[in-house]
1. Are any residues in region 62-75 open to solvent by 40 Å² or more (accessible area, probe 1.4 Å) and either under 25 Å from ARG158 (Cα atoms) or in contact with a Ser or Thr (Cβ under 8 Å, 6 or more places away or on another chain) (or both), and if so, which ones?
2. State whether one or more residues within region 30-38 are surrounded by 15 or more Cβ atoms within 10 Å (Cβ to Cβ), of a type outside the set (Phe, Trp, Tyr), touching a residue at least 12 places away in the same chain (Cβ under 8 Å) and in contact with a Phe, Trp or Tyr (Cβ under 9 Å, 6 or more places away or on another chain).
3. So ARG63 passes all but one of these: (1) modelled with pLDDT under 95; (2) of a type in the set (Lys, Arg); (3) assigned to a strand (DSSP E or B). Which condition number does it fail?
4. If a residue has to be among the hydrophobic types (A, V, I, L, M, F, W, C), open to solvent by 10 Å² or more (accessible area, probe 1.4 Å) and either within 23 Å of VAL163 (Cβ to Cβ) or without any contact (Cβ under 8 Å) to a residue 60 or more places away in the chain (or both) to count, how many in region 112-130 make the cut?
5. Take region 116-150 and flag every residue that is of a type in the set (A, V, I, L, M, F, W, C), more than 23 Å from LEU84 (Cβ to Cβ) and in a strand (DSSP E or B).
6. Restricted to region 45-60, and to residues that are open to solvent by 40 Å² or more (accessible area, probe 1.4 Å) and β-branched (Val, Ile, Thr), which residue is nearest to SER269 (Cα to Cα)?
7. When region 49-61 is examined, which residues are found to be touching a Leu at 6+ places or on another chain (Cβ under 6 Å) and farther than 30 Å from SER257 by Cβ?
8. Just need a number here: residues in region 151-203 that are among the small types (Gly, Ala, Ser), open to solvent by 10 Å² or more (accessible area, probe 1.4 Å) and assigned to a helix (DSSP H, G or I).
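The values are calculated or read from the model by the stated rules, or taken from the named source; none is laboratory data. Worth saying up front: this structure is predicted, and the values here are computed from it rather than measured. Note that each Cβ is placed from the backbone with ideal geometry, even for glycine, and that neighbours are counted across all protein chains shown. Heavy atoms of the whole protein, side chains included, go into the accessibility calculation; ligands, DNA and RNA do not. Shrake-Rupley method; radii C 1.70, N 1.55, O 1.52, S 1.80 Å.
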Amino acid sequence: MKLLVYGAGVLGSIYAARLHEAGHDVSLLARGERLAALRRDGVRLAEGTSQVVRRIPVPVVERPSGGYDLITVFVRTHQVDAVLESLAGVEGDVLFLLNWAAGAEPLGAVIGHERVLLGFGTTGGTMDGDVVRYRPTSLLTRLVSMPVGEPDGRTTPRVQRIVRAFRAAGINAKAEPRMDAWLKTHAAFEVPLGQAVIAAGGPTALADDPGAVRDMVRLMRQNLAAMPTAPVPRGFVALRTLPEGLLVTVLRRFLRSQTAAHSGLNTASPGAEAAELDRLAEQLRAMRGSGRR
């Protein structure tokens, strides 16, 4: 496939490199200093804290042009409006792989409803200068698949084609018929978690404050209770049913783990992270408001 990967942060860089190595015609869109670094050194990847850094010469571009078989979008929630404007006249299906709780309607209103696909990049990592340090392979990373789906829940030939292409590139992907509910569930969990981490000064500092973790759990439960549908995946039901004390213990352990360290919670850009969480929180409030009508 001819692919445009829009966004050269952690996830965009990882997926562009893997798809390029799998033989696809990939262009990675970047701006500013990141664009200059990619042109000079390519995508530089390292697993966890390893000193071994691989260089993958993925072609980079500053703006989209022509047409593509698929455009994958890896940007923060508050950056989506600008992306939509730049893609309005570019041909190709668009797979949004990001935090998004507002549904497909506002996306399709700008670029065309028939072009929109929803998903979420589940690979975690951090930026170490120009090196992308991705989460080491574990049982958890093997079990958690990257969901991809149509807004209306159909498993269409294009979804199946995309899933096959990702899997062939070593990306654990799957078709998800309830993608919109999946994204809303994730936002209900992610917003309290991310805001609590920022307020505490990092995941380890949050783990050291059981009262703050307890408040975070209560906000997660409020968000999940306000959802118009059951949580997806079903495992998130546990956040509504398990004893509060047990959840606090489990989440404090997670916050101290290597999984948390390489998940993006230790962000080097707290301002951008806060802006994204604020936009996601707005979307959750709008969801709750529409549910009451």
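1. Of region 62-75, the ones open to solvent by 40 Å² or more (accessible area, probe 1.4 Å) are 62-63, 65-66, 69.
If the condition is that a residue be open to solvent by 40 Å² or more (accessible area, probe 1.4 Å) and either under 25 Å from ARG158 (Cα atoms) or in contact with a Ser or Thr (Cβ under 8 Å, 6 or more places away or on another chain) (or both), then ARG63, SER65, GLY66, ASP69 are the ones that fit.
2. Initial filter on region 30-38 (surrounded by 15 or more Cβ atoms within 10 Å (Cβ to Cβ)): 30, 34-35, 37-38.
Among the residues that remain, those that are also of a type outside the set (Phe, Trp, Tyr) are: 30, 34-35, 37-38.
Restricting the remaining residues to those that are touching a residue at least 12 places away in the same chain (Cβ under 8 Å) gives 30, 34-35, 37-38.
Narrowing the set further to residues that are in contact with a Phe, Trp or Tyr (Cβ under 9 Å, 6 or more places away or on another chain) leaves none.
Within region 30-38, none of the residues are surrounded by 15 or more Cβ atoms within 10 Å (Cβ to Cβ), of a type outside the set (Phe, Trp, Tyr), touching a residue at least 12 places away in the same chain (Cβ under 8 Å) and in contact with a Phe, Trp or Tyr (Cβ under 9 Å, 6 or more places away or on another chain).
3. The failed condition is (3).
4. Of the residues in region 112-130, the ones among the hydrophobic types (A, V, I, L, M, F, W, C) are 116-118, 120, 127.
This time we only want the ones that are open to solvent by 10 Å² or more (accessible area, probe 1.4 Å), so: 120, 127.
So of that shortlist, the ones also either within 23 Å of VAL163 (Cβ to Cβ) or without any contact (Cβ under 8 Å) to a residue 60 or more places away in the chain (or both) come out as 120.
The number of residues fulfilling the criteria is 1.
5. Initially, region 116-150 is screened for residues of a type in the set (A, V, I, L, M, F, W, C), giving 116-118, 120, 127, 131-132, 139-140, 143-144, 146, 148.
The next check asks that each one be more than 23 Å from LEU84 (Cβ to Cβ); those that pass are 127, 131-132, 139-140, 143-144.
Across region 116-150, the qualifying residues are MET127, VAL131, VAL132.
6. Pass one, region 45-60, residues open to solvent by 40 Å² or more (accessible area, probe 1.4 Å): 47, 49-55, 57, 59.
Next, only the ones that are β-branched (Val, Ile, Thr) stay: 49, 52-53.
Details: THR49: 20, VAL52: 25, VAL53: 23 Å.
Across region 45-60, the extreme among qualifying residues is THR49.
7. First, the residues of region 49-61 that are touching a Leu at 6+ places or on another chain (Cβ under 6 Å): 54, 58, 60-61.
Of everything in region 49-61, those that are touching a Leu at 6+ places or on another chain (Cβ under 6 Å) and farther than 30 Å from SER257 by Cβ turn out to be VAL58, VAL60, VAL61.
8. Looking only at that region, the number is 6.
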